[in-house]
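Trainee: Before we start, here is the structure in question, set down as structure tokens.
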Amino acid sequence: MKRRGLILRKVQQKIFDAACLAAVTLSVALMFWIIATLFRHGFAVINWELLTEPSKPYGIPHQGIANALLGTVLITSVATLLAVPLGLAGGIYLAEYDRHSTLADLVRLSANVLMGIPSIVIGLFVYAVWVVPTGHFSGWAGSIALAIIMVPIILRTTEDMLLLVPDTMRESALALGISRWRTTLSVVCRSCRSGLVTGVLLAFARICGETAPLLFTALWSHSWPSAFFSTPVANMPVLITEYMTASPFEEQQKIGWAAATVMLAIILILNITLRTVFHRKRAL
């Protein structure tokens, strides 16, 4: 009986391992399929003119995506600057200073609910509280909407990463006379900095492709983003959506494929670069 039970457990383990391997293989295959599809349709269209010329109405020569690319960089950069300090501070507070209080439970619940809210609802919220009162769309409103999306992701990831650090590290630092805040920043956060960076990258990757919030906040423009706080700002997600779904012209559809390829390449390069840098620092 014992031998039969051991054989059964081994068979179950083999089945579980095979299922996990199949799931990982399927996920990787889908990722490479998406990458290959984008590069097959968009890479041939990418050229220097596309990357340096702004978008224009159909029929005007020298079409490009430079203004949308610059607008996306501005909107996402401002959103990141707004969200990262709030998310990191909230995660540190929950993990290091107030783990079990009612307030902490309420913050966790709010963050979980906020992560599950559709992005279009967040866009409508910012439209109601910012765009309507001010009377204009703007890149700043788009950054606010994207920051709201980023904060709960960074907060929950930060808390989870900090909770993985053994309490013995905190106790050792405190026993040496190091203050609580220095222990948190210099010992705890430093030991899991790759995880914290991963959380920020996940949040950043999430907002890079968000279209619905920007339709209600930053909207769209064929001009360069000269007035970030008071005028609509061109951006890549809306350009891709408009050119791929709303335009009947093949030329603009090709530009949409190229824009999607450029966005994918930027996200891949950013992720690979940051992971390589932090891996080298960790090895040193």
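The values are calculated or read from the model by the stated rules, or taken from the named source; none is laboratory data. Note that the coordinates shown come from a computational prediction; the quantities given were computed from them, not determined experimentally. Heads up, the Cβs are rebuilt from the backbone with ideal geometry, glycines too, and the neighbour counts pull from every protein chain shown. Ligands, DNA and RNA are excluded from the accessible area calculation, which covers all protein heavy atoms including side chains. Shrake-Rupley method; radii C 1.70, N 1.55, O 1.52, S 1.80 Å.
Trainee: With each run of n ≥ 4 DSSP H residues scored as -39500 (n - 2.57), what mean residue ellipticity at 222 nm is computed for the chain after dividing by its residue count and rounding to the nearest 500 deg cm²/dmol?
Mentor: Theoretical 222 nm ellipticity from helices: -22500 deg cm²/dmol.
Trainee: Normalised by the number of residues in the chain, what is the relative contact order in percent for Cα pairs under 8 Å and 6+ residues apart?
Mentor: After rounding, I find 25 percent.
Trainee: Which shape class, rounded, prolate or oblate, goes with the range 12-97 when its Cα gyration tensor gives a ≥ b ≥ c as root eigenvalues, a/c under 1.5 marks rounded, and past that a/b bigger than b/c marks prolate?
Mentor: Oblate is the answer for the range 12-97, as a/c is 1.5 or above yet b/c matches or exceeds a/b.
Trainee: Oh, and also: Read phi for every residue in the range 37-44 and hand back ³J(HN,Hα) as whole Hz from Karplus 6.51 cos²θ - 1.76 cosθ + 1.60, θ = phi - 60°, with x for Gly and Pro.
Mentor: Residue by residue, the range 37-44 yields 5, 5, 5, 5, 8, x, 5, 5 Hz.
Trainee: Okay, next question. Pick from ARG40, ARG182, ARG99: which is most flexible by mean-square fluctuation in a GNM of the chain where alpha carbon atoms under 10 Å apart are linked?
Mentor: Looking only at ARG40, ARG182, ARG99, the largest GNM fluctuation is found for ARG182.
Trainee: May I ask you to derive the relative contact order of the range 66-196, considering only C-alpha pairs under 8 Å and at least 6 residues apart, and to give it as an integer percent?
Mentor: Worked out over the range 66-196, it gives 36 percent.
Trainee: Which angle between 0 and 90 degrees, to the nearest 10, do you get for helix 193-208 versus the longest principal axis of the chain when only C-alpha atoms count?
Mentor: For 193-208 against the chain, the angle is about 30 degrees.
Trainee: Using amide H atoms built 1.01 Å from N in the peptide plane, name the residues 5+ places from GLN63, or on other chains, whose amide H lies under 5 Å from its own.
Mentor: When sequence neighbours closer than 5 places are left aside, there are no close amide H contacts.
Trainee: Which value, in debye to the nearest 20, gives the size of the charge dipole of the range 1-139 about its Cα centre, when Lys and Arg are +1 and Asp and Glu are -1 at the Cβ?
Mentor: In debye, rounded to 20, the range 1-139 gives about 1180.
Trainee: Classify the range 168-284 as rounded, prolate or oblate from the Cα gyration tensor: take a ≥ b ≥ c as the square roots of its eigenvalues, call it rounded if a/c is under 1.5, otherwise prolate when a/b beats b/c and oblate if not.
Mentor: Prolate, since a/c reaches 1.5 and a/b exceeds b/c.
Trainee: Go through SER110, ALA234, MET263 and say which Cα lies farthest out towards the positive end of the charge dipole of the chain; charges sit on Cβ, +1 for Lys and Arg, -1 for Asp and Glu.
Mentor: The one lying farthest along the dipole's positive direction is SER110.
Trainee: When a/c reaches 1.5 or more, the comparison of a/b and b/c decides; with that in mind, is the range 218-271 rounded, prolate or oblate per its Cα gyration tensor?
Mentor: Here the range 218-271 falls in the oblate category.
Trainee: Also, I was wondering about something else. Could you work out how far helix 102-116 tilts from the main Cα principal axis of the chain, as a 0 to 90 degree angle to the nearest 10?
Mentor: Between helix and principal axis, roughly 40 degrees.
Trainee: Between THR245 and ALA29, how many nm apart are label points set 7 Å from Cα along the C-beta direction?
Mentor: 2.9
Trainee: With θ taken as phi - 60° and the coefficients 6.51, -1.76 and 1.60, list the Karplus ³J(HN,Hα) couplings across the range 147-164 in order, rounded to whole Hz; mark glycine and proline as x.
Mentor: Coupling constants for the range 147-164: 5, 4, 5, 6, 3, x, 5, 5, 4, 5, 5, 4, 4, 4, 5, 5, 5, 6 Hz.
Trainee: Within 10 Å, at most 14 other Cβ atoms, and a DSSP state outside H, G, I, E, B define an exposed site. Report the longest part of the chain free of exposed chymotrypsin sites (Phe, Trp or Tyr not before Pro).
Mentor: 59-228
Trainee: Remind me, relative contact order of the range 135-284 in percent, using alpha carbon pairs under 8 angstrom and six or more residues apart?
Mentor: 29
Trainee: Output wanted: per-residue J couplings in Hz (rounded whole) for the range 79-94, from phi through Karplus 6.51 cos²θ - 1.76 cosθ + 1.60, θ = phi - 60°, x for Gly and Pro.
Mentor: For the range 79-94, the Karplus curve yields 4, 5, 4, 6, 8, 4, x, 5, x, 5, 4, x, x, 5, 4, 5 Hz.
Trainee: Any idea which of VAL126, THR37, LEU219 is furthest toward the positive side of the dipole for the chain, if Lys and Arg beta-carbons carry +1 and Asp and Glu beta-carbons -1?
Mentor: Working it through, the farthest residue towards the positive pole turns out to be THR37.
Trainee: In addition: In nm, give the distance between the simple-model label positions of ALA128 and LEU8, each being 7 Å from the Cα along the Cα-to-Cβ direction.
Mentor: Those two pseudo-labels are separated by 5.6 nm.
Trainee: If you place +1 on the Cβ of every Lys and Arg, -1 on the Cβ of every Asp and Glu, and leave all else neutral, what size is the dipole of the chain about its Cα centre, to the nearest 20 Debye?
Mentor: With only Lys, Arg, Asp and Glu charged at Cβ, the dipole is about 1600 debye.
Trainee: With a 1.4 Å probe and every protein chain left in place, tell me how much accessible area ILE60 has, in Å² to the nearest 10.
Mentor: ILE60 has an accessible surface of roughly 80 Å² with all protein chains in place.
Trainee: Here's another thing I want to ask about it. Which one is right for this structure if percent of Cα pairs over 27 Å apart is calculated from it: (i) 54; (ii) 38; (iii) 41?
Mentor: Working out percent of Cα pairs over 27 Å apart from the coordinates points to (i).
Trainee: Next question, about the same structure. On a C-alpha basis, how far is the centre of the range 183-215 from the centre of the range 219-275 in Å? Whole number, if you could?
Mentor: Centre-to-centre distance over Cα atoms comes out at 22 Å.
Trainee: Going 7 Å from the Cα of ILE117 in the Cα-to-Cβ direction, what parts of the range 87-102 have a backbone nitrogen less than 16 Å from that spot?
Mentor: Counting only backbone N, you get 87.
Trainee: For a label point 7 angstrom out from the Cα of LEU202 toward its Cβ, which stretches of the range 93-110 have the backbone nitrogen within less than 16 Å?
Mentor: Once the point is set 7 Å along Cα→Cβ of LEU202, 95, 108-109 turn out to lie under 16 Å by backbone N, inside the range 93-110.
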